[in-house]
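The values are calculated or read from the model by the stated rules, or taken from the named source; none is laboratory data. Model, not experiment: these values are computed from the prediction. Note: ideal-geometry Cβ built from the backbone for every residue, glycine included; neighbour counts use all protein chains shown. Please note that ligands, DNA and RNA were not included when accessible areas were found on the heavy atoms of the full protein model with its side chains. Shrake-Rupley method; radii C 1.70, N 1.55, O 1.52, S 1.80 Å.
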Amino acid sequence: IIAGNRGLLGIVDGMRGDGGALDGAVINLRRALAMLSPGHPYHIRLRCDLALALALRGLSGSGSPADAIEAGRELRAVVTALPGGHMMRPSALLRTGGVLAGAAIVTANQRLLREAIGYLDTALSEVDPRFGGRFRFTALAGYAAMALNQRSHDSADLDRAITWLEQARRELDDHPAHPQYADCLSNLAQAYR
């Protein structure tokens with residue numbers, strides 16, 4: 001518990017700009033995980049926290065893109081361990097999709113971007129239509145498809161980005177004050193331009 005909490009505090013400090021704190025978070029969370037068997041009630045939670053620390057370190061530039069790729073592997077393992085219907089599964093699916101897309105963007109890897117978009121599409125089909133955050137999946141897939149188009153220059157990738165972003169916009173039309181609505185409109189304007 002102490003090692004895990006040190007890891008969480010390191011994540012908070014890392015989010016405040018202390019890159020060294022993310023290194024400490026990864027070390028402490030790995031240490032905490034090494035003390036637990038895979039069946040321990042805290043194992044999945046700590047593994048998810050480790051993936052978050054790795055992703056932040058890899059995507060912030062204080063680590064390497066390999067950290068973000070490892071975070072994606074850890075999160076896929078977390079999702080696999082969470083049974084269907086578990087209340088944390090939609091959030092884990094979304095976090096995994098975001099990390100996979102982020103890792104693909106920082107490594108400028110078109111194959112990984114296509115895999116991330118496919119993962120988000122599959123994850124969205126699993127999420128209950130009543131889940132209030134479905135627009136997060138579609139907006140993220142649209143953003144990833146825009147990043148893919150910037151590398152591939154394939155108009156089909158841009159068309160897919162627009163389709164995803166339009167879907168996210170429609171899902172948010174009833175909530176124009178939502179912060180992600182403006183972000184979605186901005187990305188759509190950029191895609192159309």
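Summary table
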| quantity | calculated |
| --- | --- |
| Any chance Asp13 is more than 30 Å from His153 (Cα to Cα), open to solvent by less than 50 Å² (accessible area, probe 1.4 Å) and touching a helix residue (DSSP H, G or I) at 6+ places or on another chain (Cβ under 9 Å) | no |
| Elements of type helices (runs of 4 or more DSSP H) contained in the stretch 92-191, each with 1 or more residues being open to solvent by 60 Å² or more (accessible area, probe 1.4 Å) and touching a Pro at 6+ places or on another chain (Cβ under 9 Å) | 110-126 |
| Residue match in the stretch 46-60 (condition: under 20 Å from Asp121 (Cβ atoms), open to solvent by 20 Å² or more (accessible area, probe 1.4 Å) and among the polar types (S, T, N, Q)) | no |
